[in-house]
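**Student:** This is the structure I have questions about; it appears just below.
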Amino acid sequence: MSIAKNTAYITFAFIFQKILAFVYIALIARNLGPEIIGKYFFALSFTTIFSVFIDAGLTPILIREVAKYKEKARSYFNSIITLKLIFSVLTMIAIAIVINLLGYDNFTKKLVYIASAVMFFDSFTLTFYGVLRSWQILKYEAIGIICYQILTVTLGGIILFTTKSIALLIGVLVISSFLNAIYSFSLAIRIAKIRIKFSIDKQFAKTLLIASFPFMLAGIFNRVYTHIDTVLLSKLAGDIYVGWYGVANKLVFSLQFIPAAFVASIYPAMSNYFEHSKEKLKTTFEKSIIYLTIISIPICFGVVALAKEIITTIYGNEFLNSILPLQLLMVALVFVFLYFPIGSLLNASNRQKRNTANMGIAMVVNVILNLILIPKINLAGAAIASVISQFLMLCLGMYYARQVVPYDKRLLSTKFIQNIITAFIMALGIIFLKQYINWIFIIPLSAIFYFGFLYLIKGFSKNDVKEILISIGIKKYRH
């Protein structure tokens, strides 16, 4: 299946999922308030940090190796599933120990235990879909994503408007995750023609774990610097601060489907190009950076200019304290977008150790800044820590990416500056217009201005339009 079709399938699914999830979180926030939804965010963030110990970096190895050698699918799949069952038991025990040592109240601990089941099922689903990704078949994953979100919102909506139980709302995620795991499992064994056998070849398991260790470390670093702000806010400030920060963070996170959908498709292609065509690898990387720059920068400037209107309209006046963290996190979002293809490039070129080191450095900086800034400026401190650590990781990534492909620094810098200038002018226009026009109507006007002006200053060409249409599957992909 082509990159274009894969990108189209997964992009549509992620867009659908993020829209529904966005509406769902907004409904929970408006009905339960910042303190209760703060507990919801904490339980999921806490268990998400631990989830990396179940996968242990094994799924990226599965995707990378089976993409190259299809005949290895059975041995990799069975060994990885067996290892993950063992790791699951150990991780669940660790969660119970840590949450009790931290001294949380019984209700919060109950939420964490329920969220642990979500973590368990999602971890296995990740591997099952990994099999399909190694075959570069993403349409079934797209279907699973859509059905998962529809089920979650439907059941969650019933719970929200009847019992308003936050525990049952997390329970809904357990049901949806379980069914998604069953669905993805059935597809994986059918497409890869795998016969399940729970067994471990000690030597092969050792080889797997050595190869996956950098991915596991990268996962740990990623989970920690992504979710540690929520956990530390919970301990150092309180659940209500987690709620204020969480809605801003979720809004920003919901936009990450764009680079995530793109790299989900290009990662196997990058692995292939690294082996067979360095020129195609260079072109793919440069185009990825340019397109994500064109998309992320106007989103950043636009949301910063409309932050107050967005927060009050969607979440209500109880969440006014979410405005500043939203504005700061939008800056970090640009750096997040641009690191997606960098991370894929480093991993596809067997430089996962370098990618891991980048994440480790960013994580350490993030944790230190959170510990320093949260007690002093709480919400803003957590957001500033995110901006600085993400920018640092981007700088490190661009430096080491050049060791893989000699990308054109001047080209990428020029595109970035052109987009910054255009987006800044656009933001000034938004600030002026929102005094007279409803912010909803300003969004399409801003988009028209942005792309029109960018085209005039040659930051956006007809060829770019063609390539973007190809990348989302509207036109046929050509190698």
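Values in this text are rule-based calculations from the coordinates and carry no lab data. This one's a predicted model, so the numbers in the text were calculated from it and none came from an experiment. Note that each Cβ is placed from the backbone with ideal geometry, even for glycine, and that neighbours are counted across all protein chains shown.
**Student:** Which three extents, in angstrom, do the Cα atoms of the chain have along their principal axes, listed largest first?
**Tutor:** 67, 57, 40 Å, listed from the longest principal axis down.
**Student:** Sort 244-255, 89-100, 30-41 by the packing proxy (mean of other Cβ within 10 Å over each peptide's residues), most packed first.
**Tutor:** 244-255, 30-41, 89-100
**Student:** Here's another thing I want to ask about it. Arranged by the count of other C-beta atoms within 10 angstrom, fewest first, what order do Lys193, Lys110 take?
**Tutor:** Lys193, Lys110
**Student:** Now for a separate question. For the range 349-413, what is the Kirkwood estimate of the hydrodynamic radius, computed as the reciprocal of the mean inverse distance between distinct Cα atoms, to one decimal in Å?
**Tutor:** It is 13.0 Å.
**Student:** For the range 370-465, rounded, prolate or oblate, judged on the Cα gyration tensor with a ≥ b ≥ c (square roots of eigenvalues), a/c < 1.5 rounded, else prolate if a/b > b/c?
**Tutor:** Here the range 370-465 falls in the oblate category.
**Student:** Kindly rank 212-220, 13-21 from highest to lowest mean number of other beta carbons found within 10 Å of each residue.
**Tutor:** Ranked from most to least packed, the peptides come out as 212-220, 13-21.
**Student:** Which of rounded, prolate, oblate describes the range 201-360, given a ≥ b ≥ c as roots of the alpha-carbon gyration tensor eigenvalues and a/c under 1.5 marking rounded, otherwise prolate only if a/b is larger than b/c?
**Tutor:** oblate
**Student:** Now a separate question. Roughly how compact is the range 259-330, stated as its Cα Rg over 2.2 N^0.38 Å to two decimals?
**Tutor:** Relative to the rule-of-thumb radius for its length, the range 259-330 sits at 1.62.
**Student:** So, one more: Can you put Asp408, Asp229, Asp122 in order, fewest other beta carbons within 10 Å first?
**Tutor:** So the residues, fewest neighbours to most, are Asp408, Asp122, Asp229.
**Student:** Would you mind computing Rg(Cα) / (2.2 N^0.38 Å) for the range 205-246, counting N as its residues?
**Tutor:** Rg over 2.2 N^0.38 Å, computed on Cα atoms: 1.69.
**Student:** Classify the range 112-206 as rounded, prolate or oblate, taking a ≥ b ≥ c as the square roots of the eigenvalues of its Cα gyration tensor: rounded when a/c is under 1.5, otherwise prolate if a/b is larger than b/c and oblate if not.
**Tutor:** The shape class here is oblate.
**Student:** Pairs Lys278/Lys353; Lys39/Lys164; Lys308/Lys458: which are spaced more than 22 Å apart, C-alpha to C-alpha?
**Tutor:** Beyond 22 Å between Cα atoms: Lys308/Lys458.
**Student:** Equivalent-ellipsoid semi-axes (√(5λ), Cα gyration tensor) for the range 394-441, whole Å, largest first?
**Tutor:** Computed over the range 394-441, the values are 36, 11, 7 Å.
**Student:** As a check on your grasp of the helix formula, calculate [θ] at 222 nm for the chain: sum -39500 (n - 2.57) over DSSP H runs of n ≥ 4, divide by the residue count, round to the nearest 500.
**Tutor:** Computed ellipticity for the chain at 222 nm equals -30500 deg cm²/dmol.
**Student:** How high is the relative contact order of the chain, in percent, with contacts defined as C-alpha pairs under 8 Å that are six or more residues apart?
**Tutor:** Dividing the mean separation by the residue count of the chain yields 23 percent.
**Student:** Still on this structure: For each of Thr230, Thr162, Thr284, Thr313, count neighbouring Cβ atoms within 10 Å of the residue's Cβ, then give the residues from fewest to most.
**Tutor:** With the fewest neighbours first, Thr230, Thr162, Thr284, Thr313 line up as Thr162, Thr313, Thr284, Thr230.
**Student:** Counting other C-beta atoms within 10 Å, and keeping those with at most 10, which DSSP coil chymotrypsin sites (Phe, Trp or Tyr not before Pro) do you find in the range 349-441?
**Tutor:** The qualifying sites are Tyr436.
**Student:** What ranking do 336-342, 152-158 get when scored by the average of other Cβ atoms within 10 Å per residue, highest first?
**Tutor:** 336-342, 152-158
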